Amino acid sequence: MRFVEFRNIQRKQLTEDARIQHAEDFLFYDGSAGAVRVLNSLEKLEKGVEDVTLKWDGSPAIIFGRNENGRIVLTDKSGFTAKGYDGKTTTRNDVQKMFMARPGARNDPEGYKQLGTNMASIMPMFDNAIPKDFRGYYKGDLLYFSTPPIKDGKYVFKPQIVTYSVDAKSDMGKRIGESRTGVVIHRLMDEQGKESALPQGTFESFEGKDVFAVPPVTVQKTAKIDNRAILELKQSISKNKTAIDDLLNKPRLAELKMTDFGKILYAYTNSKVDTGMTGMGEDFLQWLKGKAGISEVKKKRIAEYIETHKVGYNALWDLHTKLMQVKDDIIRQFDAHDSDVKQSIEGHGEGGEGYVLAHPEGDMKLVPREYFSKANRAVER
């Protein structure tokens, strides 16, 4: 992977956001058509990777910018959307007070105090970096609060789960060395929290060098695609298209008051991260029995629906598993390529949060669920 200036990327802006779907999960919402789109996108990665960028594992998630009066605002999502208090903090003291007033501060006062102190320390840097005539907010993730240390010729920092090592002599390494804090920016936000894509020139608009607004880091080397696996997937889609689409038929699901069927399948898939992504679908009904927030009547209806759509149900999970295997193989190749930015996860080794693949019909994320998602869910718990 190489550090690429944003102004040189002549393509659709990646919408790095929680709404980006896992590649294999498009199947839950778009049926066989979603599987075909994903398969075609993955197959093309053998010919070009200009639309694939690194997915950063930053923390904390922040919102920053200038309010209608031009004052600097630095906060987090909870603060920005707060109802009982003004969380759009404009001073260093307000930032610290906000974090210490959080319920979690009772159990971890030192941790919250440190977070508030760190956030307060970077506020003047953001104030100096954001043009005075800018109005609005950016949504992003912090990569580091202070210039990372150099180890073996690389800047090393660990925002959350993934440890990043960046060659100090690379273009990106030089920018890191000049900075005092680094941030990955995902979206533009207005005063009401409505999001939109970042406008062209966002990364160049920051003034000075203290704040490094990291542009997209693109994959530079193509992946070798397993043609046999691709052929098997195409044959599976062709054979089971009708059954899968019948299972996920939206008008029929609406009649049965099961419009959230895809979301339920997605929730189950996320739960499997904890126990291992094997035997997908086999224990779904058992999981469903213990799932809170779904009435017993609806659980029974879902079970009966699956019983009458067994062919499509089994085909869906077989296809989902095979798509995930092809995706994971591509991720392993990207992680192993020579790169200015290397990633690793403690207890696993090489690899990070994954990648984002831009697509005109909606971006998709290539995330190694078996180890990154599992580690991430453990941290969240």
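Computed from the coordinates by the stated procedures, all read-outs in this text should not be read as laboratory data. In this text, all values refer to a predicted model and were calculated from it rather than measured experimentally. Cβ placement follows ideal geometry from the backbone for every residue including glycine, while neighbour counts extend to all protein chains displayed.
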* Karplus 3J(HN,Hα) series, Hz, for segment 272-288 with 6.51 cos²θ - 1.76 cosθ + 1.60 (x for Gly, Pro) -> 5, 4, 6, 9, x, 7, 10, x, 4, x, 5, 10, 4, 5, 5, 4, 4
* Asked: Can you give the Kirkwood hydrodynamic radius for the chain, in Å, rounded to one decimal and based on Cα pairs?
  -> 22.6 Å
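Explain nothing, just the number: dipole magnitude of segment 61-213 about its Cα centre with +1 on each Lys and Arg Cβ and -1 on each Asp and Glu Cβ, in debye rounded to the nearest 20.
Working: 23 positive and 19 negative charges, 57 e Å.
Rounded to the nearest 20 debye, it is 280 debye.
Would you kindly calculate the mean projected area, averaged across all directions, of the convex hull enclosing the Cα atoms of segment 135-174, in square nanometres? Walk me through the numbers before you get to the answer.
On the way: hull surface 15.6 nm².
Reported value for the Cα convex hull: 3.9 nm².
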* To do: Quick one: grab the alpha carbon gyration tensor of segment 291-333, order the square roots of its eigenvalues as a ≥ b ≥ c, and give me rounded if a/c is under 1.5, else prolate or oblate depending on whether a/b is larger than b/c.
  => oblate
* So who's got an amide H within less than 5 Å of the one on Tyr144, skipping anything under 5 residues away but keeping other chains? H placed 1.01 Å off N, in plane. -> Gly182
* Asked: Cα-Cα over 30 Å: which of Lys174/Lys194; Lys239/Lys263; Lys55/Lys209?
  -> Lys174/Lys194
* Determine the calculated [θ] at 222 nm for the chain from helices alone, applying -39500 (n - 2.57) to every DSSP H run no shorter than 4 residues and normalising by the residue count; nearest 500 deg cm²/dmol. => -13000 deg cm²/dmol
* Loop sites in segment 126-165: chymotrypsin sites (Phe, Trp or Tyr not before Pro), DSSP, at most 15 other Cβ within 10 Å -> Phe134
* Structure fact -> Quick shape check on segment 61-213: root eigenvalues a ≥ b ≥ c of the Cα gyration tensor, a/c under 1.5 is rounded, otherwise prolate if a/b tops b/c, else oblate, and it reads oblate
* To do: Fewest Cβ neighbours within 10 Å first, please rank Val95, Val49 accordingly.
  => Val49, Val95
* Asked: Could you give me the ³J(HN,Hα) list for segment 95-108, computed from phi with Karplus coefficients 6.51, -1.76, 1.60 and θ = phi - 60°, whole Hz, x at Gly and Pro?
  -> 4, 5, 4, 4, 5, 6, 8, 6, x, x, 5, 5, 8, 9
* **Pair Glu282, Lys300: separation of 7 Å Cα→Cβ label points (nm)** => 2.9 nm
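Please give the charge dipole size of the chain, origin at the Cα centre, charges +1 on K and R Cβ atoms and -1 on D and E Cβ atoms. Round to the nearest 20 debye. Mind showing how you got there, number by number?
On the way: 59 positive and 55 negative charges, 117 e Å.
The calculated dipole for the chain is roughly 560 debye.
For segment 14-84, which trypsin sites (Lys or Arg not before Pro) are in a loop by DSSP, counting at most 15 other Cβ atoms within 10 Å?
Details: sites: Arg19, Arg37, Lys44, Lys47, Lys55, Arg66, Arg71, Lys77, Lys83; in loops: Arg19, Lys47, Lys55, Arg71, Lys83.
Sparse-neighbourhood loop trypsin sites (Lys or Arg not before Pro): Arg19, Lys47, Arg71, Lys83.
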* Structure fact -> For Lys97, counting only aspartates and glutamates whose alpha-carbon sits under 12 Å away and dropping same-chain residues fewer than eight positions off, the answer is Asp86
* C-alpha long axis of helix 109-129 to longest principal axis of the chain, angle in ° -> 70 degrees
